[in-house]
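Contents: one structure, followed by commentary.
Where a number appears in this text, it was derived from the coordinates with a stated rule and is not lab data. Keep in mind the model is a prediction, meaning the values are calculated, not measured. With ideal geometry, Cβ positions are generated from the backbone for all residues, glycine too; neighbour counts draw on all protein chains shown.
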Amino acid sequence: MPTHFIGRRLATAGLAATALNVVARPGFAQAKLPTLSIVINNSPWFDGFKSVVDQYEKETGNKVELDVNPFGGSLEKQRSSVRSAKGQYDILIMNSSWFAEMYFGGFCEAITDVDPSFKLDPGIYTCDDTCFFDPASKTMTAQGKLYSMPVNPNIPLLYYRGDLYKQRGLTVPKTFDELLANAKALHKPPQIYGIAQRGARGVAAVSYDFYPYLYGFGGGLFRDQKAGDYTVLLGNDKGHAAMDYYMKLFREAGHPKAASFDQAEVLQAVATGKAAHAIAVIAAWPQVDDPSKSAVVDKMELAPPPSLPGLPTGPALGHWLAGISKNVPDDHKRAAVAFFRWFQTADAQIFYTRAGGVPVHKAALEHPMGQERKYRWMKPMAEALPHAINPFRFPESPEVVAILELGLNRVIAGETMAAAGIDTMTDQILKLMTEKGYRTGRG
Amino acid sequence: MAQAQADRAFRYATLTPAALFLVALGVLPVLNLVAMSFYTIVWKNAAADWQKAGLANYAAIPGDPLFSAGLWNTVVFALASVVIQMILAFFLAYWCSRVRMGRTLYRTVLILPLLVPGIVVGAIWKLFLNPEFGFLGQMLGVVGLDPIDWLGEAQTALFAVVMVDVWHWTPFCFLLLLAGIEGLPRDVYEAASIDGARPWQELLWITLPMMLPTILVTAVFRFVVAFKVFDEVYLLTGGGPGTATQVISYTIYQRFFTEDRAGFGSAISVSVIFLVCLMLVLALAARGRLQGRPA
């Protein structure tokens with residue numbers, strides 16, 4: 001009899017363990033999961049993400065619907081969805097310029113609140129810990145809850161014409177002086193311009209182009225956001241020096257239409273062989289090396305953005321995080337977690353990389369495929385990523401970005417002088433941060 | 001008497017639901033907008049927190065660089081585009097009313113741009129004006145001129161947007177003016193013809209004076225619509241370079257939606273509604289004067 005009792009207990013425990021094991025297995029096909037709805041932007045890396053989603057559907061049998069929008073349109077749809085009683089989207093693909101708004105507004109559900117057993121794979125790059133959030137202290141550190149899954153650690157890299165460098169015997173620029181010298185050496189308008197800068201005003205256009213210069217000069221927007229110190233640094237000597245250099249580069253070796261160049265125009269100039277350099281997001285790389293879209297296939301090379309001698313490179317994170325909407329049914333939230341569980345595996349990340357995505361897993365970033373010519377972006381990416389800076393950690397960041405977009409674009413368009421432009425932007429940001437109650441000042 | 005009262009009651013009873021429906025659809029959103037303009041709206045715990053701002057949003061309007069640039073450019077844009085459209089449309093309508101052969105064909109061709117969706121207008125003209133591979137740039141190259149970046153240069157961008165608007169909206173003015181011209185009494189022209197009036201005299205002393213009310217209404221209508229221009233700027237220039245093509249609707253879009261400043265965006269919206277209403281009142285008063293009676 002006791003044997004029989006033990007046998008029943010063992011059998012029950014065994015069944016439970018098996019069930020738990022099966023549920024916890026990555027890629028487990030949960031037949032009853034509802035169709036997952038994801039709102040996403042149509043950026044250059046979208047094709048890679050679409051492929052990985054297709055692969056997820058194929059492997060698991062789960063269904064995913066993608067709502068694809070322009071950059072700004074995606075934000076508007078996300079706002080509209082999270083602010084209604086019942087959300088339209090289960091997963092929000094949030095850019096670095098607006099994820100804080102979603103965290104602080106209480107629109108995202110912590111992944112670990114949906115499924116306490118969920119663990120972020122230790123190989124996942126946490127994008128300056130911005131995937132964590134503590135709603136009580138309003139901070140983003142690893143001590144907070146896991147609020148999102150990184151999907152693309154997008155940073156800008158220096159694109160340069162490797163073939164022309166070889167012809168001229170130029171060396172890869174590590175400093176701003178070297179970049180200027182090389183850009184001037186290759187500047188032969190109207191056949192080719194030394195550099196194409198993204199100077200147009202947009203949701204996050206010219207400001208994002210300017211950050212690597214600002215950080216590379218040792219400057220910044222705020223002193224220490226993690227510590228709650230929002231002293232505005234933009235107007236200090238380093239900020240002015242960065243602006244002066246950016247304009248010098250524009251005047252002496254830049255594409256003259258920079259004031260109306262957004263990302264598409266910069267990439268067009270690069271892909272048509274009209275630009276010898278550009279600082280552009282790594283996510284755009286597949287277009288540059290695609291024979292159906294580019295005239296410079298196999299001619300472009302990549303390097304970390306230059307900086308002042310002795311200072312590290314300073315790319316700004318323009319990364320993407322996937323958050324779960326709070327106002328969707330629980331089974332949809334669980335479906336989102338199931339997707340994340342699959343997405344963060346090394347296999348999925350390697351597939352994602354091969355499909356044209358930018359991986360967030362160390363296993364993919366350090367994979368031997370990085371030695372292949374096609375994946376020559378991985379080495380400079382791995383070099384630059386540890387130095388990447390997240391520009392904003394507060395929900396009013398779109399207002400600061402708007403100030404920068406207008407101010408920088410006016411400088412490039414010649415409506416205002418560089419020094420006056422920087423000072424005006426600094427004053428406006430200072431006023432805004434004061435009004436919003438942040439600890440601020442002029443640094 | 002009793003029958004008249006019953007009729008009146010019936011009229012009220014049947015019209016009231018429609019009137020209430022109209023109020024709900026038309027007036028309440030505006031009232032909501034006005035209310036919102038006195039608040040700052042922030043989101044906490046997935047709920048909107050309306051914080052009283054008094055007149056602060058209105059007080060901040062004059063200091064907003066995008067508002068001042070937007071207002072100035074909008075006025076310039078609306079005036080330039082409407083004046084050009086009215087002149088072109090009037091002569092096209094006058095000419096079309098006089099031709100005998102192929103009139104339907106001309107009319108159909110002339111109104112075609114009006115049927116093109118705004119997004120397609122943006123795509124057509126963005127390609128057409130592209131300095132690298134656009135048709136216009138290539139034509140300039142054929143005659144030995146350098147291509148001009150019409151939309152990328154601060155000096156030409158607003159002019160280019162005006163031209164696109166003229167292409168898109170002249171047919172609208174043309175249609176209204178053509179209907180007006182064709183509705184003019186023929187006996188006046190017959191009398192003038194008997195008196196030996198020449199075509200230009202008919203145009204100057206008969207057609208133009210009699211068409212003046214129609215011209216004014218069309219111009220006012222077009223001005224109000226031109227004042228709200230958004231899609232052409234959004235698609236062609238994004239308000240740039242700098243603030244060269246920033247218009248007021250685009251400012252509202254940026255402040256309200258991109259930056260999510262609902263209170264401030266509402267205050268600008270209310271101010272613009274007030275301005276448009278003011279223009280309408282002035283235009284109607286002018287029309288009344290032209291017709292010799294109070295508006």
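Per-residue shielding of B:40-48, expressed as the average number of other chain Cβ atoms within 10 Å of the residue Cβ, stands at 5.
Arranged from fewest to most other beta-carbon atoms within 10 Å of their beta carbon, B:THR170, A:THR35, A:THR231 become A:THR35, A:THR231, B:THR170. Inter-chain neighbour count for B:150-163: the average number of beta-carbon atoms from partner chains within 10 Å of each residue's beta-carbon is 2. Averaging the sequence gap over all C-alpha pairs within less than 8 Å and six or more residues apart, then dividing by the number of residues, gives region B:234-295 a relative contact order of 15 percent.
Per-residue Cβ neighbour counts within 10 Å put A:LYS333, A:LYS119 in the sequence A:LYS119, A:LYS333, beginning with the fewest. Working from Cα pairs under 8 Å separated by at least six residues, relative contact order for chain B is 28 percent. Within a straight-line Cα-Cα reach of under 13 Å, A:LYS184 can be paired with the following aspartates and glutamates, leaving aside sequence neighbours fewer than 8 residues apart in one chain: A:GLU252. Across region A:161-258, Cα pairs under 8 Å and at least six residues apart give a relative contact order of 28 percent. Counting Cβ atoms of other protein chains within 10 Å of each residue's Cβ and taking the mean over peptide B:132-138 gives 1.
Taking other C-beta atoms within 10 angstrom as a stand-in for reagent exposure, B:LEU235, B:LEU140, B:LEU28 fall in the order B:LEU28, B:LEU140, B:LEU235, fewest first. Charging the Cβ of each Asp and Glu at -1 and of each Lys and Arg at +1, and nothing else, the dipole of region A:220-355 about its Cα centre rounds to 160 debye.
Converting phi to 3J(HN,Hα) with the Karplus coefficients 6.51, -1.76 and 1.60 and the offset θ = phi - 60°, region A:170-181 yields 7, 10, 4, x, 10, 10, 5, 4, 5, 4, 4, 4 Hz in sequence order, with x at every glycine or proline.
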